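The values are calculated or read from the model by the stated rules, or taken from the named source; none is laboratory data. Computed from a predicted structure; not experimentally measured. Here the Cβ positions follow ideal geometry from the backbone for every residue, glycine too, while neighbour counts run over all protein chains shown. Side chains included, ligands, DNA and RNA excluded: accessible areas come from the protein's heavy atoms. Shrake-Rupley method; radii C 1.70, N 1.55, O 1.52, S 1.80 Å.
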Amino acid sequence: MAPLEQITLREIRLPLREPFRISSGATSERRITLLELRDGDGVSAWGECVAPEEPNYREEAIDTAWIAIAQWVAPRVLGRLFTHPRDVHAALEQDFRGNFMAKAAVEMGMWVLEATRQGVPLAQLLGGTRREIATGISLGIQSSPEALVEKARAAIAEGYRKVKIKIAPGQDVAYVRAVREALGPDAPLMADANNAYQLSDADLLAQLDDLDLMMIEQPLAWDDIVQHATLQRRLRTPLCLDESITSVDRARDMVTLDSGRIINIKPGRVGGFTSSLAIHDYCVSAGIPVWCGGMLESGIGRACNVALASLPGFTKPGDLSPSARYWARDIVTPEWTMSADGMVPVPWDTPGLGVEVDVDRIDDLTVRQVVLR
Ligand code: OSB
Ligand code: MG
């Protein structure tokens, strides 16, 4: 790689077509940090930071990540010679705790930059194999079971291979049961609680066992691995950890303790692609299925997720909805689309991200910008 010369950080605002509500808060407009990386040879690549508006998922949020990138992440990468993007992760972990979304934004950008330099698709550089990825939809909390059933029915009709239902106390068993009864025993359903429950809710969560879910995602605390093991012993349904898994070490802990049997890998949550690949490889060796989650990314972040999900261990449908699910208009062309049978094609014929970034539109949407050199 040629040394990185410059990172342009921008914040854009992208209104969601409809508000997205999880147990810990709602979003109606995404504030998204985009990065443009440029190396000394003038090769450039786009990246995205997944940090949300509020620190209600993990501890990071867009404003903390912005500071972390500018103050600590970028200075460790700018001007430094890396032989391969896989080496960036270690440079960012040395005496630098947490801030995984901030680190991931730059680390993933370095992978895209290298793929662009080599003229190969990002999926190839990462070691992907799949031509297309089975896709699921993540449905935010709805105002009533009936409203949820309508959304879930439409999603299955559109071809989605998995329907993830966001749940929270008071909007859980009855909501999921309504969907199960409406869509029948074979519909691929799961629930995601985003930390809304405590171990004392085990009896309630055990009622979901009768509804034959593929998995229940992160019911307990966002940083917990121990209490989930106690809960898993009480449930037949496999638990899937999302928030709690930030590294391959945490994945090992999950397996050691049996706190979950499936992992949702979001490269933005775990510090980037090198960490994602380590988790993936470990999970393949340990027999743990993984799938790629989402953070309401724009088409740039989606490109990264789709490339990662092309690796062989990603055996369950990812949260990789097409652009039109969230945005009136995406910031990439072509927009991300899904076939009638719920598959998103991996762009194997285009180098780098695999989609074109609409820079004019990004210029129009930009509300702040800083150039780091
Ligand atoms: O827990 O997976 C989650 C969105 C924001 C924060 C947390 C989560 C989600 C999603 C969205 O489920 C999935 C997507 O981007 O399609
Ligand atoms: Mg989740």
Next on the checklist: Can you compute the radius of gyration and Dmax for segment 120-192, using only the Cα atoms, both in Å?
Outcome noted: 15.2, 49
Item to check | Accessible solvent surface per residue of the chain, calculated while the other protein chains remain in place, 1.4 angstrom probe, Å² | outcome: 38 Å²
Next on the checklist: From the helices alone, meaning DSSP H stretches of at least four residues, give me the mean residue ellipticity at 222 nm for the chain, per-run term -39500 (n - 2.57), in deg cm²/dmol to the nearest 500.
Outcome noted: -9500 deg cm²/dmol
Item to check | Pair Thr230, Ala174: separation of 7 Å Cα→Cβ label points (nm) | outcome: 2.9 nm
Checklist entry - In segment 125-345, carbon and sulfur make up what percent of the accessible area (probe 1.4 Å)? => result 51 percent
Checklist outcome for this item: Once both label points are put 7 Å beyond Cα along the C-beta direction, the Asp249-Ala2 separation in nm becomes 3.7 nm
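Rounded, prolate or oblate: which one fits segment 125-345, using the alpha carbon gyration tensor with axes a ≥ b ≥ c (rounded when a/c is under 1.5, else prolate when a/b beats b/c, else oblate)?
Details: a/c = 1.80, a/b = 1.08, b/c = 1.67.
Here segment 125-345 falls in the oblate category.
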Next on the checklist: I need the P(r) histogram for segment 1-50: all alpha carbon pairs, bin width 5 Å from 0 out to the longest distance, whole percents.
Outcome noted: 5, 19, 18, 17, 13, 10, 8, 7, 4, 0
Checklist entry - If you find the alpha carbon centre of segment 260-320 and of segment 174-222, how far apart are they in angstrom? => result 22 Å
Item to check | Built amide H within the under 5 Å cut-off of Thr315, gap 5+ | outcome: Val290
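So if I place +1 on the C-beta of Lys and Arg and -1 on the C-beta of Asp and Glu, and nothing else carries charge, what would the dipole magnitude of segment 280-340 be about its Cα centre? I want it in debye, nearest 20.
Computed about the Cα centre, the dipole is about 100 debye.
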Item to check | Between helix 273-286 and the chain: long-axis angle, C-alpha atoms, 0 to 90°, nearest 10 | outcome: 40 degrees
Next on the checklist: Let's test the formula: R0 of 51 Å, r as the Cβ-Cβ distance of Asp203 and Ala340. What FRET efficiency results, to the nearest 0.05?
Outcome noted: 0.80
Checklist entry - From the square roots a ≥ b ≥ c of the eigenvalues of the alpha-carbon gyration tensor of segment 43-124, which class results: rounded (a/c under 1.5), prolate (a/b over b/c), or oblate? => result prolate
Item to check | Relative pair counts by distance (%), Cα atoms of segment 1-142, 10 Å bins | outcome: 11, 36, 33, 18, 2
Checklist entry - What whole number of Å gives the distance from the Cα centroid of segment 32-49 to the Cα centroid of segment 77-140? => result 12 Å
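When Lys and Arg each count +1 and Asp and Glu each count -1, what net charge do the other residues less than 14 Å away from Gly159, Cβ to Cβ, add up to?
Values: positive: Arg153, Arg161, Lys162, Arg325; negative: Glu132, Glu158, Asp341.
Charge balance near Gly159 sits at +1.
Set the Förster distance to 56 Å, then compute FRET efficiency between Arg17 and Thr256 from the Cβ-Cβ distance, nearest 0.05.
On the way: r = 42 Å, r/R0 = 0.75.
Calculated transfer efficiency: 0.85.
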Checklist entry - Under a plain spin-label model, where a point goes 7 Å from the Cα along Cα-to-Cβ, how far apart in nm are Glu29 and Phe96? => result 3.2 nm
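On alpha-carbon atoms, Rg over Rh for the chain using Kirkwood Rh?
Numbers: Rg = 19.6 Å, Rh = 20.6 Å.
Taking Rg over the Kirkwood Rh, I get 0.95.
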Checklist entry - What is the dipole size for segment 125-345, taken about its Cα centre, with +1 at each Lys and Arg Cβ and -1 at each Asp and Glu Cβ, in debye to the nearest 20? => result 420 debye
Item to check | Selection from His280, Leu211, Val332 lying farthest towards where the dipole of segment 125-345 points positive, charges on Cβ | outcome: Val332
